[in-house]
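What follows is a set of notes on a single structure, which appears directly below.
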Amino acid sequence: MLELKELSVKNPQSNEYLVKPLTLEFNKGDIVALTGSSGAGKSTLLKAIIGLLYGIFGEILYNNQLVTDMVKWRTSAMYLPQTPYLSSEKVIDFFKLPYELLVRKNNIRSEKSLKDALKNYLLDARLEEDILEKNTSVLSGGEKSRLAFIRLLILKPKILLLDEFTSALDSKSVSAIENMLIDYHKDNNDVITIFISHDQNQVKRLANRTIIMNKGKICYKDLSIEEVD
């Protein structure tokens, strides 16, 4: 379980609330949609959960343990921004570190090459294998989004914080990435996903709960999809 207790974010300069104190609980297996108008505080809330901002107050608990070590926390909870930045020059290099960490974590020596390990991920995301040899600077926004999502899954987080993660994709690619997320939950029943979306059809397809934000506060929480309608 993930618990946010009186979590808030203040602008360090003005001391005004960006996210007003809120208390929320998320259960293992949840796929929760975070909706609301632009500027409502949705992205700020996700960044606060992962500790990427100054001026964060309140408590975050995971499995009844207070989160205090943010470095350790970010190995379990991971944030995917709307516009991902691919830090490496070549796409293949973007995957080397997470792949090596995965191999080390499972205490195995993989006989497969990194390219072989990525083959199914790329296929599922509707990407060609030769994309691994491309320079990241020539990629489209949709390609970057799908590659960043694949990298996230390779790292096997327990909590996924997704900020409009399919907004740059065509309809077929949206379906592909959504299916990858659903399959990830099926294979890992202790995972929690919180995703931001302005697409109500996507909310209906994915979410078992919906939270609506407005002006930095929660307007409605724990809504079923029928109640959103």
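In degrees, nearest 10, range 0 to 90: what is the angle between the Cα axis of helix 114-124 and the longest Cα principal axis of the chain? The angle comes out at about 60 degrees. Is segment 114-173 best put as rounded, prolate or oblate by its Cα gyration tensor, with a ≥ b ≥ c the root eigenvalues, rounded for a/c under 1.5, and otherwise prolate when a/b is larger than b/c, oblate when not? Note, shape of segment 114-173 comes out oblate.
Panel values: the chain, Kirkwood radius from alpha carbon pairs, Stokes-Einstein at 10 °C and 1.306 mPa s, translational diffusion coefficient 86 µm²/s.
Pairs exceeding a 21 Å alpha-carbon distance, out of LYS115/LYS172; LYS47/LYS217; LYS42/LYS156; LYS72/LYS215: LYS115/LYS172; LYS42/LYS156; LYS72/LYS215. Only beta bridges with both residues in the chain are counted; by DSSP, about 55 percent of them are antiparallel. Put simply, the amide H of ILE192, placed in the peptide plane, has neighbours under 5 Å in GLY29, ILE159, LEU160, leaving out anything fewer than 5 places away on its chain. Surface composition of the chain: carbon plus sulfur atoms hold 46% of the accessible area, using a 1.4 angstrom probe and ignoring ligands, DNA and RNA.
Helical runs (DSSP H, four residues minimum) scored at -39500 (n - 2.57) apiece and divided by the length of the chain put the mean residue ellipticity at 222 nm at -10500 deg cm²/dmol.
Could you tally the net charge around GLU3, taking each other residue with its Cβ under 10 Å from the Cβ of GLU3, Lys/Arg +1 and Asp/Glu -1? Here the charged neighbours net out to -1. Between the residues ALA33, ILE196, PRO157, the greatest Cα displacement towards the positive end of the dipole of the chain, with unit charges on the Cβ of Lys, Arg, Asp and Glu, is found for PRO157.
Taking the centroid of alpha carbons for each part, segment 1-32 and segment 36-83 are 8 Å apart.
The values are calculated or read from the model by the stated rules, or taken from the named source; none is laboratory data. Nothing here was measured: the structure is a model prediction, and the numbers come from that model. Quick reminder, even Gly has a Cβ in these numbers, built from the backbone with ideal geometry, and neighbours come from all protein chains shown. Heads up: the accessible areas ignore ligands, DNA and RNA and are worked out on the full protein's heavy atoms, side chains in. Shrake-Rupley method; radii C 1.70, N 1.55, O 1.52, S 1.80 Å.
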